[in-house]
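Taking it in order: structure first as structure tokens, then the write-up.
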Amino acid sequence: MDKHPEWNDLRVFLAVARLGTISDAGEKLGIEHSTVSRRIDRLEATLRVVLFDRRRSGYSLTDAGHALIPHAEKMESALLAAVEESLEVADFIKGNVRVGTPEAFGIHVLAPGMAQLRQKHPGLRIELMAQPQFPSLVTREVEILVTLDPPEMGRYKVAKLAQIDYFLYCSPAYRKEHPPIRELGDLAQHDFVDYIHDGSVSERYRVLEELVSQPKRCFTSNSVLAQRSAAAAGLGLVLLTPYVANIRSGDLISVFPDKPLITRSLWIAAPEDLLRIKRYQFAWRFIREQVESQPEFFYPPS
């Protein structure tokens, strides 16, 4: 190798690796997509390797590209830490933190706290990706992840965030118009609302089959919020966590109110190198505090 790669080229490389296209990377970095392409070409020429498989659908990492990721991220983290250490005000927190969460958790548990967070730290911005399928920590699609599927390999800090219990719900109209449910054995004759299980959502959401071996699904969706709406309209029974069901609204009732039927663990994870930086430390603590301060979302009263 005749010379070392430039940091700006590595920064562009990381953006393309995380976002998948040169246009998205250019938009995020505030530069023309043609400049992104030139910098990737220059980096490959400098390293004498091919970093991306270029396709119409986007750029995907080659083996050499995957191998470069951790080294580029170490440089990125070191630079961020150096900038942070140069700040004169100890309490000053500034920058973006991209957080990935399950759909309803992000919407009902995390998002309502954003106004209070902004009042305390106007320079900090949370970019929330709340969706059924968990985004990737490996490619830094997100920097902090709330998940049912904690990473088992890699240099990540992982901690249990909460136990989430699933209860069985239906609309008042559904219960009135269908056969009574006195015990779990009565469920086989009822209709259910559930997830689509085609790989578009995590397999950890396959909870209904743990309750009923061959459930009669009358409606499926990759969105738990759509499932809730369908069940509230009287379509069928649905397994939900308390922060999704929100029975105070009155359109859903719990079939077995004192009996959580399925239990899962919710985890929080982030790369260890990022958690040396103040804004990621703060975002990590903020998420944990949101959970701890709202126990009714996870452990409803009897």
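Key figures for this structure:
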| item | result |
| --- | --- |
| Residue match in the stretch 251-268 (condition: surrounded by fewer than 14 Cβ atoms within 10 Å (Cβ to Cβ) and either in a strand (DSSP E or B) or touching a Gly at 6+ places or on another chain (Cβ under 7 Å) (or both)) | yes |
| Filter result (outside any strand (DSSP E or B) and surrounded by fewer than 18 Cβ atoms within 10 Å (Cβ to Cβ)) within the stretch 89-105 | Val89, Ala90, Asp91, Phe92, Lys94 |
| Matching residues in the stretch 135-170 - criterion: being open to solvent by less than 30 Å² (accessible area, probe 1.4 Å) and in contact with an Asp or Glu (Cβ under 6 Å, 6 or more places away or on another chain) | Pro135 |
| Hey, Trp284 of a type outside the set (Asp, Glu), closer than 24 Å to Lys157 by Cβ and outside any helix (DSSP H, G or I) or not | no |
| Total residues in the stretch 171-185, condition closer than 26 Å to Ser249 by Cβ and either at pLDDT below 90 or loosely packed, with under 13 Cβ neighbours inside 10 Å (or both) | 6 |
| Residue pairs meeting the criteria (Cβ under 7 Å; at least 6 apart or on separate chains; first closer than 12 Å to Ala64 by Cβ, in the stretch 35-47; second open to solvent by 40 Å² or more (accessible area, probe 1.4 Å) and among the β-branched types (Val, Ile, Thr)) | Glu44/Val50 |
| Residue in the stretch 282-294 that is modelled with pLDDT under 90, out of contact with any helix residue (DSSP H, G or I) (no Cβ under 6 Å at 6 or more places or on another chain), of a type in the set (Ser, Thr, Tyr) and within 26 Å of Ala245 (Cα to Cα) present | no |
| Every residue from the stretch 233-250 that is open to solvent by 20 Å² or more (accessible area, probe 1.4 Å) and over 24 Å from the mean Cα position of the chain (by Cα) | Ala233, Gly234, Leu235, Ile247, Arg248, Ser249, Gly250 |
| Filtered residue count, the stretch 113-128, keeping only those that are within 17 Å of Arg285 (Cβ to Cβ) and either surrounded by 13 or more Cβ atoms within 10 Å (Cβ to Cβ) or modelled with pLDDT of 90 or more (or both) | 9 |
| The stretch 191-209 - residue that is open to solvent by 10 Å² or more (accessible area, probe 1.4 Å) and of a type in the set (Phe, Trp, Tyr) and, of those, nearest to the chain's Cα centre (by Cα) | Tyr205 |
| Criterion: modelled with pLDDT of 90 or more, in a helix (DSSP H, G or I) and under 24 Å from Leu274 (Cα atoms) - qualifying residue of Leu14, Leu43 | Leu14 |
| Flag if Ser229 is polar (S, T, N, Q) and in a helix (DSSP H, G or I) | yes |
| Test: residue in the stretch 233-248 that is in a strand (DSSP E or B), closer than 17 Å to Gly100 by Cβ and in contact (Cβ under 8 Å) with a residue 24 or more places away in the chain | no |
| All positions within the stretch 48-84 that are acidic (Asp, Glu) and either in contact (Cβ under 8 Å) with a residue 40 or more places away in the chain or open to solvent by less than 50 Å² (accessible area, probe 1.4 Å) (or both) | Glu73, Glu76, Glu84 |
| Near pairs, Cβ below 7 angstrom, 6+ apart or cross-chain, from the stretch 204-225 (over 20 Å from Ala188 (Cα atoms)) to any residue that is β-branched (Val, Ile, Thr) and modelled with pLDDT of 90 or more | Ser221/Ile196; Asn222/Ile196; Val224/Val244 |
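To keep it simple, each residue is scored yes or no on (1) buried (at least 17 other Cβ atoms within 10 Å of the Cβ); (2) aliphatic (A, V, I, L, M).
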residue: Gln189; (1), (2): no, no
residue: Pro215; (1), (2): yes, no
residue: Asn222; (1), (2): yes, no
residue: Ala231; (1), (2): yes, yes
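The values are calculated or read from the model by the stated rules, or taken from the named source; none is laboratory data. Computed from a prediction, not measured in an experiment: that's the story for all the values here. Glycine gets a Cβ as well: all are built from the backbone with ideal geometry, and neighbour counts include every protein chain shown. Surface areas here come from the heavy atoms of the whole protein model, side chains and all, with no ligands, DNA or RNA. Shrake-Rupley method; radii C 1.70, N 1.55, O 1.52, S 1.80 Å.
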